[in-house]
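The values are calculated or read from the model by the stated rules, or taken from the named source; none is laboratory data. Everything numeric here is computed off the predicted structure, so don't read it as measured data. Here the Cβ is made from the backbone with ideal geometry for all residues, glycine too, and neighbour counts use every protein chain on show.
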């Protein structure tokens, strides 16, 4: 039972779920590995250039290069952080709350680099895969990269680059890795609880959204917020970025099956349906309430639907995906417009309104809409994750714990960084623009 629960969380096929480890003569499956290499590239594409263009297109001209730099540099910074310690803390056996140091600097990788990887080897919940550990850790690295990059949307236009660097490293190690361990490692307590998170509703989106909200409150509003014209300078860039995110999300969700099988196909299908439904919901809601359907609204709706289907992708059928997409598109539109006004925060690019709210919607709806046979095996023919009150309660607990932990630790980290080097540029620097002030460059 415990072995299957992990497999369902990581969307491993039933054949693998039944075995705690591969036989000594087991081999890497070329088809699964090829799909996972492709998925890894697609997820990396989501950050560079996808998110970089999406965010850059929504800021003012004087901050476009600085905004692109945030995504690009975070990609490099988190790659090294993941290699040094992040991967070990997330997927080392450790205990219920954190991994261990067994893979610091990826130590021990040379011993079985060409063998099928067993996640949680040596534990009761060990799960065999048909891909090498190099591919697994690289795939997970792309998730670790995009999560802090998403947070940057909340504090766009006003955070120091030096503060961004320090905060990103600390947050990756002390927030992202522990939460990833809770949810996806064999010894993680949320995994043991039986909560469902197929591709990162808690780990990526709720985590990033809540952190973004805390950043928005701690850093304060942009100068002239609510008075100056802060319209996007180049929505064309944002549309290209959103399109890259949409395509890359197939690697994000379907790749989380870790195999090239039927579950990956279902995850891809429901991802497309949810995204499309959310575009329609956001667009028509805006059309009715604001008078015109905006391009910015359409692309924001797409991301909202993609976010919401992420925790559910391997657990729901197309009809449920349609429901998730419609609800997330409408609710995230409300969150990015009305809720932001009600709570009085300046989340520059709506990291919380889209990712935090969308991730929470998807996580909770998974509790009711999960289709049992998608997580079935020989021992549990009806499935482990079956929509109903029991699973919904587990989803509430998992989401609530993620929100509380992320909010508290993010707040503490921001205060530490602020005390040491300061978080925000000066008023004069903010008026001049981050491109020139932080990087000595500007668009022509």
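Anything in the stretch 298-319 that is in contact (Cβ under 8 Å) with a residue 12 or more places away in the chain and more than 21 Å from the chain's Cα centre (by Cα)? List them, or say none.
Passing the criteria: 317, 318.
Given the conditions (1) within 20 Å of the chain's Cα centre (by Cα); (2) closer than 30 Å to residue 229 by Cα; (3) part of a loop (DSSP other than H, G, I, E, B), which single one is not true for residue 97?
Failing condition for residue 97: (2).
Select from the stretch 421-444 the residues that are under 31 Å from the mean Cα position of the chain (by Cα), assigned to a loop (DSSP other than H, G, I, E, B) and more than 20 Å from residue 217 (Cα to Cα) and list them in ascending order.
433, 441, 442, 443
Do any residues in the stretch 245-262 that are in contact (Cβ under 8 Å) with a residue 40 or more places away in the chain and on the phi > 0 side of the Ramachandran plot have Cβ atoms under 6 Å from those of residues that are assigned to a loop (DSSP other than H, G, I, E, B) and buried (at least 24 other Cβ atoms within 10 Å of the Cβ), where the two are at least six apart or on different chains, and which pairs are they?
Correct list of pairs: 258/12.
Could you figure out which of (1) surrounded by 18 or more Cβ atoms within 10 Å (Cβ to Cβ); (2) at positive phi isn't true of residue 440?
Answer for residue 440: the failing condition is (1).
Where residues in the stretch 387-409 are modelled with pLDDT of 95 or more and buried (at least 20 other Cβ atoms within 10 Å of the Cβ), which of them is farthest from the chain's Cα centre (by Cα)?
This residue is 391.
Somewhere in the stretch 228-238, is a residue over 29 Å from residue 407 (Cα atoms), assigned to a helix (DSSP H, G or I) and in contact with a helix residue (DSSP H, G or I) (Cβ under 8 Å, 6 or more places away or on another chain)?
Checked the stretch 228-238: at least one residue is over 29 Å from residue 407 (Cα atoms), assigned to a helix (DSSP H, G or I) and in contact with a helix residue (DSSP H, G or I) (Cβ under 8 Å, 6 or more places away or on another chain).
How about the stretch 76-128: which of its residues are modelled with pLDDT of 90 or more, within 24 Å of residue 189 (Cα to Cα) and touching a strand residue (DSSP E or B) at 6+ places or on another chain (Cβ under 8 Å)?
The answer is 91, 117.
Within the stretch 136-162, track down each residue that is surrounded by fewer than 24 Cβ atoms within 10 Å (Cβ to Cβ), touching a strand residue (DSSP E or B) at 6+ places or on another chain (Cβ under 8 Å) and not in a loop (DSSP other than H, G, I, E, B).
Within the stretch 136-162, just 136 meets the criteria.
Can you name the number of the only condition in (1) assigned to a helix (DSSP H, G or I); (2) without any contact (Cβ under 8 Å) to a residue 40 or more places away in the chain that residue 382 fails?
Residue 382 satisfies all of (1) assigned to a helix (DSSP H, G or I); (2) without any contact (Cβ under 8 Å) to a residue 40 or more places away in the chain except (1).
Regarding residue 361, is this residue surrounded by fewer than 18 Cβ atoms within 10 Å (Cβ to Cβ), under 27 Å from the mean Cα position of the chain (by Cα) and in a helix (DSSP H, G or I)?
In short, no.
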